[in-house]
Amino acid sequence: MKITAQEEYGLRILLHIARHGDKEGASIPMISDAEGLSAAYVAKLTRTLRLAGYINSTPGNKGGYILAKPAEEININQVMKVLGGSLYSNKFCEDYSGSLKLCTNSVDCSVRSLWQMIQLSVDQLLDNISLKELISTEQESNIQIINKINALKMAKL
């Protein structure tokens, strides 16, 4: 499994906007320079994030992008799904049926159960992480995420 470029860069752009604050907004050229991405690619990803309701654009010469809602209300799982989709979906078996119309294992598939469990685990983790936890330094984010994982483990007991 891989994280796509769109997911990685889209999340980095969202973080850049969140770190920049609400005063002026982060412009496409500013984000492009800071993240080492083309302005066209930044424009594409900011459009996706704007249409999904995560950011708003501010007009004018000093305009740019700001968060549409507080960072603690932006769920990372939902952001990742907007940027790239789920690792596994029910359509997965149709997409990987080989040269046949139906997968030969469509009735009894132990591999499908593996992908479903991986998706469930990823969803459970990412559903509990907001953009707020990622705005901090790497060390602070690690601590916050580990605390969330430990809280999830304790809740299961």
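Listed values, structure above:
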{"quantity": "Mean Cβ neighbour count within 10 Å, used as a protection proxy, ranking 49-55, 116-122, 147-153 highest first", "calculated": "49-55, 116-122, 147-153"}
{"quantity": "Cα centroid separation, region 131-157 to region 32-56 (Å)", "calculated": "26 Å"}
{"quantity": "Unit charges at the beta carbon, dipole of region 29-89: most positive-side option, Asn77, Leu49, Leu37", "calculated": "Leu49"}
{"quantity": "Förster radius 41 Å - calculated FRET efficiency between Asn150 and Ser110 (Cβ-Cβ, nearest 0.05)", "calculated": "0.85"}
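Where a number appears in this text, it was derived from the coordinates with a stated rule and is not lab data. Note that this is a predicted model, so its numbers are computed, not measured. All Cβ positions, even for glycine, are placed from backbone atoms using ideal geometry, and neighbour counts span all protein chains on display.
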